[in-house]
Structures are given as structure tokens and as C-alpha cells.
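Working notes, structure below.
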Amino acid sequence: MEALDLLATGFAQIADPTRFGFVILGVVLGLLVGVIPGVGGTTGVAILLPVTVFLEPISAIVMLAGIYWGAMYGGLITSILFAVPGNPWSVAVMFDGRPMAMQGKAALAMSAGFVVSFVGALIAALLFTFFALPFAEIALSFGPPEMFAVLLIAFGTFVGLGGSPGKAAVMIAAGFLLSTVGFDVVTGQPRLTFGTITLMQGFHFVPITIGLFGVGEVLFNASERYKVKIEEMTRAARLGFHDVFEAVRAMVKNIWMIIFSALLGFFTGLLPGAGATPASFMSYGIAQKMSRHPEKFGKGAIEGVMAPEAANNAAGTGSILPMLVLGIPGSPTAAILMAGIFMWGFIPGPRLFVDQPEFVWGFIASLYVANVAAVAICLTATPLLAMMLRTPYALLAPIIIILCIVGAYAIQNSLLDVWLVLIFGIIGFVLRKLAFPLAPLVVALVLGASTEQALRQSLIMSDGSMAIFFERSISMPLMVAALLLFMLPLFQRLYRMLRPRRDGDQAPAE
Amino acid sequence: MREQITVKRVEIVVCLLFIALAGRVIWEGVRLGPAWGETGPQPGFFPFALALVLLAGALGALISAARQRDSEPFFAAPEEWIDLLKVGIPSGIAIGLISWLGLYITSGLYVAFFVAWYGRYPWYLWLLAGVVVPVVLYALLRYGFNISMPMSPWYRQGILPV
């Protein structure tokens, strides 16, 4: 049980009062960020990333990760009370959470959500603990060709499993192109600078992410605001012991469904293109199919709240694993955490487990601590959190914008970055409106340099022959899998064309 | 006017912009050398290949956008773009002002203006917000994290502390 020993050393790292304090601070910030409409967990992590440069690495990562976990819990409150999903993965929870709130059972729905989120995250944390080391050991044997193949799989999932393959391809290419601006990693020649000196320093990842997610979200929510009616629902936010007790009983009754949803969530979370959103919808669908009374779903079935919550919290945890082990983030938030790990002077990937075990296992231990803290705070302080929603928007919107500016400027003291925030905020708003996925762009931007390096190193190994990817025993199947993922939409199209049509008037897939 | 700007049309314009970008990058890639050299790709190879992916993706998205029959307006209700501009324009102005007035003065003015104009709160509240927000920011950034922020010209002359 090597993993348990290592986990114990991780807990010893976290037991340090300062670090423990940063875990709790992160969770509280995350809960606030999750509750406030207009800032998701991704934005919260992105805005605070520059600040963490001034912290020691373990405190920094546990705080940022704490924001991520906290935001997952906080989002539940807004979804159920106000039908404002703070994140796309909170949508499935609304299907039954909202009707339950209308029936005056908001407190029960929230308690169930919190308790199940905790169990889902706990299952994922356990899987994380035991999978991390074997995964890292396999990954240690990877050379550049294998790394490149794995990176291709990551991008293949965006194209193959996302909504629109064309849009995903555009976003991936755009992210990569942004990352190539500046100097060529091998020859040192300036690329894509179009003769200007300002572009030579390249694009930093942080202002672009803050723009796309922070300002983009503020603008998007500003335009959707007229739909939101903050009723007197804040009163329903009081959770009694009775509700918690009831929620635990419902959970025990459906424990297998919850474990299944958590497992599904965890493994979907590992794939960059999939992640928490499809996991929550899938587990909702499966819970409905498995239920003895599926007709109650959508009308306030507690199972309909529990299944997606278990899945999306597990997926959030799962999305961190490939980032830590392979250096491939499974979600935009994981991508930002990865950028942070670079900034703190480490390189994410299997070597991290060998060189920085305290860092890795301190982080893994913080998964447990943060989730215990989050569920405890949620079950006791939900009324306080819900009060945050009463903060006037007129005050909140400018503060969020100012924080975005501060975060972007702090990273390299450049006013150009402040303008980038505005420009990418507008771009983010338009792309969001048109349903272009933003995750591939962010992930490609972060992975651009390492992908190019993996490819170039492979090609140097093989004297410029692409055949190297198909000659090695590990990279070959990975490469084939990646190519299949990229071609999946093509197969689907062929299948649709060959299948006999029942009705001639079929709506286009988009 | 609002009915003219449909999701479909905006999507087509965005795709065309992406195609233009791809074209520009392909040009740049050709200039840098898009070929496969002795030891692997030349500097222009990556931009060139990526621009091709961008081009293909944008064309695909363009075709599926053009095929859409029903096209709902980009802004479903007039409130959408009014609220968007009400939030967006002051934010844009604030971002522009920072390079001149520095972070703290700009944030005070911006918050006070927004609370007064968008929130229509009485004068003592917007005044309070306009003072408290920059002061808290200053305390946090200056003393908490020791991060330097853009300052006003009066700071450089030694007249103001920010």
C-alpha cells in the first residue's frame, strides 16, 4: 500500500497550519465564486493565479484547487434556488432540482446535492489516490513519440466527442496558433509576429483565459440578466437537520446509483473533450432508465439531483489526474492549474511524482480536506452563501471586471495584457453566444509548446520521418486511437448517410 | 435592426474572419518555409499546418451555418444588447482609462459611476463604494501581496500616493 503511505506524507504536508488555512481559504473563495452569478470556478482560478506566484507552491496549488472544488458546490445553490446554472455541468441538476425548489423542497434538494457531491468527490479522490502512481509509472516510460500520441488523443476527444467537430477544430487551431506566436522553440526565429515587436513576447496564457472566461462571462451574463428574477428564494436556503438527515437516507437508498455515477464521472473526466458536462447528463439519463419510477424524473425526483451531482464532482476531480500525471489538462480549470504549476517552477508530468512527491501528495491529500470543508460549510452556512446573491449587480459587475484587470496585469506588469483581456472578453462573448467550445482553445494554448516539442523531438529521433509514431509498440496503438477519434465525426456522418431515413425532413445536426 | 442580426449571419461572419486569419497565417507560413527540412519541419511548418486545420474547421462550420434554415436573432430580446452595452461600454472605458489614471483612481471612478448609473443608488452609497473598493484593493495588493499596479501621472509627480 505504497499509495497510502504517500497519502500520509501528503496529509503531513497539509497539516501545516498555513497550508491548511489556504485550503480553507480556497474552498470559501470557491463557494463565493460559485454562488455569484457571472463568475465560474474557471474565472476564479484564473484571476487568482497571478497572486499565487507570491506563495509557496503547495499553498498555491491547494488554494487554487480549493477554489475549483468550492465552486462546484457553490454552483449547486444557484442552480436549485434560482435556476441560474453557474457552470454548464450544473444544468442537469436543474432538471429535478428546480421542480423540487418550486415544491418547497429546495432545502432537501440542496442537502442531497451537497451530501452526494461529497460522496462523489470522495470516490473520485480515492480513485485518484490509487490510480495516480501506476499511471505515473506507465507515463515515465513514455518518450516524445508516446507523449505526442497522447496529446493527439487529448485533442481528438475535443473533435470526436464534442458537439461540432468543425468548431472544435477551429478552436484547437486558434489556441495552437496563439501559442506559436513569438519565437520558434527550436530555431529561435520569430514566427507569426507580422513584423511587430509587441508580438515577439508572444501571448501569455493568463490574460487570454481571464478575457475569455472572466470578462466574456460578465458580458454574457449581462445580456442574460433580464431573464433572472431573484425572488424571495433566499429564504428557502435554510437547511435544517431534518433535511440533511433525509438527504443522507435518500443517498443510502440509492448508493449504488451514486457510486456508478461517480465512477462514470471520474472516467469521463479523464478525457479532455468530455469532462463534467456530458458526465452529468449521461448519469442523469442512466439514473432515469434504472429508476423504478422514471416518470417522476423532471418533476422533482431526488435521484435526478443526486446522479448528476455525483458525476460532475467526480469528473472535476478526474480532470486533474491526466494534468498531473501526463501534463494534459482534462478541463479549462485543470489547464489553468497546469499553467500555475509551470509558473511555480515545476513541470507537470510523471517526473513530478519522482521529483516533487511532497507537492503531488500534498495536493492529493488536499482533495480530501477540501471536500470535507466544502460539505461542512455548505451544510451549515448555505443561508449566508445565498445572501451573496443579494449583492447588488451594480457593485458586483465592476468589481469582477477590476479583478480581471488586476489578474491580467499582475502576471507580467504589461498594459498590453489588460487590453488583451478586453479583446478576448469580446471574442469570448461572441464565441460563447455561437456555441464555439472555449475549452479546446485554452487547452491548446497551454499545451502548444509541449505538443510542438514532443513532435519535434520525435522527428529528431527519427531523422524527420513520421513513421516513428507507428513503429513503437506503445505509440502505435495510441496514435491509431487518436486518429480514430479525429475521424469519429466522419464515421458518424457516413453512418447517418447510409442509414435508411425514416422521415425525409430531418433537422440538421447542428 | 435586431431581427437582421441573426445567429446564422453572425456565425457566417465569424467563420469568414477565421478563414481570413487562416489565409494570413498560411501566407506567413509560406514566407517562413512550410516544408519538411533535413531535420524535420522548418519554422513555417507548424503555422502552415495549423492554419490548414483552422481553414478546414472554419469551412466546415461555415457550411453547417449556411445550411441552417431557421435563424433566430443573435439577441433574443432588446434587453439583451441594451444590458450588454450598459455593462460593456463602461468596462471598456475603464480599461482604457487605466493606462492613464492608474488602477486605483480608475477603479474608484468606475465603481462609483456604475453603482450610481446602473444601480441608481443614492449618492452616499456610490460615494462609499467608490472609496471603499480602491482602498481595499490598495491594502490587499500593496500590503497583502506586494504587487505593483499601474499608477496615475500624479503619482510620478509625487502629488498622490496612487
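The test for being within 30 Å of B:Glu79 (Cα to Cα) and aliphatic (A, V, I, L, M) does not hold for A:Val181.
In the range A:262-294, of all residues being open to solvent by 10 Å² or more (accessible area, probe 1.4 Å) and among the hydroxyl-bearing types (Ser, Thr, Tyr), the one that is farthest from the chain's Cα centre (by Cα) corresponds to A:Ser291. Scanning the range A:435-476 for residues that are open to solvent by 70 Å² or more (accessible area, probe 1.4 Å) and assigned to a helix (DSSP H, G or I) yields A:Gln453, A:Gln457, A:Ile460, A:Met461, A:Phe470, A:Glu471, A:Met476. Within the range A:419-466, the set of residues being more than 9 Å from chain B (Cβ to nearest Cβ) and of a type in the set (Phe, Trp, Tyr) comprises just one member, A:Phe424. Counting only helices (runs of 4 or more DSSP H) that sit completely within the range B:58-161, those holding 3 or more residues that are over 30 Å from B:Val25 (Cα atoms) and within 9 Å of chain A (Cβ to nearest Cβ) correspond to B:78-117, B:123-138.
With respect to A:Phe20, determine if the residue is farther than 24 Å from A:Gln412 by Cβ and of a type in the set (Phe, Trp, Tyr). Yes: the conditions hold for A:Phe20. Screening A:Ala314, A:Ala334, A:Ala310 for residues that are more than 27 Å from A:Leu49 (Cβ to Cβ), surrounded by 23 or more Cβ atoms within 10 Å (Cβ to Cβ) and small (Gly, Ala, Ser) leaves exactly one candidate, A:Ala310. The set of residues from the range A:188-207 being outside any helix (DSSP H, G or I) and either without any contact (Cβ under 8 Å) to a residue 24 or more places away in the chain or at the interface with chain B (Cβ under 9 Å from one of its Cβ atoms) (or both) comprises A:Gly188, A:Gln189, A:Pro190, A:Arg191, A:Leu192, A:Thr193, A:Phe194, A:Gly195, A:Thr196, A:Ile197, A:Gly202. The residues of the range A:165-187 that are outside any loop (DSSP other than H, G, I, E, B), under 19 Å from A:Gln457 (Cβ atoms) and open to solvent by 30 Å² or more (accessible area, probe 1.4 Å), listed by number, are A:Ser179, A:Phe183. Every listed requirement among (1) open to solvent by 40 Å² or more (accessible area, probe 1.4 Å); (2) at the interface with another protein chain (Cβ under 10 Å from one of its Cβ atoms); (3) farther than 25 Å from A:Leu212 by Cα; (4) modelled with pLDDT of 85 or more is met by A:Leu484 save one, (2). Residues of the range B:143-162 that are within 21 Å of B:Ile95 (Cβ to Cβ) and out of contact with any Phe, Trp or Tyr (no Cβ under 6 Å at 6 or more places or on another chain): B:Ile147, B:Ser148, B:Met149, B:Pro150, B:Met151, B:Ser152, B:Pro153, B:Trp154, B:Tyr155, B:Arg156.
The values are calculated or read from the model by the stated rules, or taken from the named source; none is laboratory data. Only a predicted model underlies this, so the values are computations on that prediction, with no experimental measurement involved. Backbone-built Cβ (ideal geometry, glycine too); neighbour counts: all protein chains shown. Quick note on the areas: whole protein, heavy atoms, side chains included, nothing else; ligands and nucleic acids left out. Shrake-Rupley method; radii C 1.70, N 1.55, O 1.52, S 1.80 Å.
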